[in-house]
Amino acid sequence: MSDNGFDSHSEGGSDGGSDHGADLDVDAMIDDAWLAFTADLGRRLAAMDIGDEVEVAQSREFPEGPHGVIRFVVTPSGRVRAMIDSSDLHTTPEYHREQAGDLLHGGWRQSGGTAFVHEVGRTGIPLLATVAVRALRDIWEVIHPAFLEIATDAMPAEPVIEVDTTPVEAPTDADEHVCESDSLPAGMQYIIDLDKENCLMPTTIARLCRYDVGVLTGYLEVCERELREWRVNARTVRAQGAEREDIELCDGEAAFWRRFATLLRVAVRIAEQTGSADQGSPVLK
């Protein structure tokens with residue numbers, strides 16, 4: 001057991017070296033999750049018969065803005081068709097036209113003025129899955145497949161992400177790590193300290209918090225508050241004609257909290273799908 005309360009092997013060995021950085025890169029982790037989701041969607045589409053329907057929808061847990069929904073059906077001729085309702089695009093005319101143009105450029109065709117369609121034969125299913133995922137990421141800016149729900153007419157939605165439920169020992173009140181800011185929970189500060197090299201994944205954050213949705217949601221609320229404050233600070237210093245260093249400081253802080261909020265949102269979804277790994281263990285608070 002290392003001094004920070006972790007099993008020395010759970011985060012990549014006792015030397016804590018940085019040679020794992022590539023393995024723990026958040027962007028790479030998200031890309032891998034999308035690759036797995038695309039492959040899973042392709043398998044679902046390949047298993048469809050005439051009359052079957054699959055729907056991929058952006059989570060409604062975040063009510064602001066339009067939500068992405070793509071429906072897949074098998075036509076009487078056996079082709080697989082993806083459909084996007086025009087009403088699910090941005091409600092502002094300017095952005096609606098931009099998104100419609102992006103869909104057309106991406107291989108979709110407009111049907112009847114109310115929908116966008118992409119249709120393939122059976123051999124084109126991998127391409128169809130890729131095109132659909134690209135639309136979800138580019139049009140609706142879905143960050144991670146954890147923010148999607150899949151429903152079919154034959155079975156309930158299934159979780160998409162496989163997560164490691166092996167618990168990681170969290171620090172207790174006796175640990176040396178203390179909060180550097182009165183405005184942050186000590187456990188949240190501890191995670192931030194661990195992430196100084198931007199190497200933590202949402203799965204690790206969820207495990208550190210024992211998959212406790214309440215704790216993670218509380219951290220997310222604090223994070224979003226910090227993000228709002230630093231965005232205001234950035235606008236203020238610009239309006240005041242402040243020094244470049246002050247502007248860069250505020251921009252850097254806002255970028256940090258934006259990235260951390262993304263990690264926490266994914267960690268919350270992972271916790272919701274996994275449940276508490278060990279109710280009796282200490283939780284970062």
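The values are calculated or read from the model by the stated rules, or taken from the named source; none is laboratory data. This one's a predicted model, so the numbers in the text were calculated from it and none came from an experiment. Glycine also receives a Cβ, built like all others from the backbone with ideal geometry; neighbour counts cover every protein chain displayed. Accessible surface is based on the protein model in full, side chains and every heavy atom, while ligands, DNA and RNA are left aside. Shrake-Rupley method; radii C 1.70, N 1.55, O 1.52, S 1.80 Å.
Of all residues in segment 209-245, exactly one satisfies the criterion of being touching a residue at least 60 places away in the same chain (Cβ under 8 Å), touching a helix residue (DSSP H, G or I) at 6+ places or on another chain (Cβ under 6 Å) and at negative phi, namely Cys209.
Across segment 208-249, the number of residues qualifying as of a type in the set (Gly, Ala, Ser) and open to solvent by 80 Å² or more (accessible area, probe 1.4 Å) comes to 1. Only one of the numbered conditions (1) closer than 27 Å to Met29 by Cα; (2) surrounded by fewer than 19 Cβ atoms within 10 Å (Cβ to Cβ) is not met by Glu119, and that is (1).
Which residue is most open to solvent (accessible area, probe 1.4 Å), if the candidates are limited to segment 164-188 and must be assigned to a loop (DSSP other than H, G, I, E, B) and modelled with pLDDT of 65 or more?
Within segment 164-188, the match that is most open to solvent (accessible area, probe 1.4 Å) is Ser183.
In the condition set (1) modelled with pLDDT of 90 or more; (2) open to solvent by 20 Å² or more (accessible area, probe 1.4 Å); (3) within 21 Å of the chain's Cα centre (by Cα), Gly101 is compliant with all but (3). The set of residues in segment 75-84 that are open to solvent by 20 Å² or more (accessible area, probe 1.4 Å) and in contact with a strand residue (DSSP E or B) (Cβ under 7 Å, 6 or more places away or on another chain) comprises Arg79, Arg81, Met83. For segment 189-206, indicate whether the set of residues that are of a type in the set (Lys, Arg), at pLDDT 80 or above and within 15 Å of Phe256 (Cα to Cα) is non-empty. No: zero hits. Among residues of segment 24-72 being in contact with an Asp or Glu (Cβ under 7 Å, 6 or more places away or on another chain) and open to solvent by 30 Å² or more (accessible area, probe 1.4 Å), the one that is modelled with the lowest pLDDT is Pro66.
Any residue at all in segment 267-274 that is surrounded by 15 or more Cβ atoms within 10 Å (Cβ to Cβ), farther than 23 Å from Met29 by Cβ and modelled with pLDDT of 85 or more? No: segment 267-274 contains no residue that is surrounded by 15 or more Cβ atoms within 10 Å (Cβ to Cβ), farther than 23 Å from Met29 by Cβ and modelled with pLDDT of 85 or more. In summary, strands (runs of 3 or more DSSP E) completely within segment 106-157 and bearing 2 or more residues that are under 26 Å from the mean Cα position of the chain (by Cα) occur at 115-120, 148-152.
For Ser87, the criteria (1) open to solvent by 80 Å² or more (accessible area, probe 1.4 Å); (2) assigned to a strand (DSSP E or B) hold in every case but one, which is (2).
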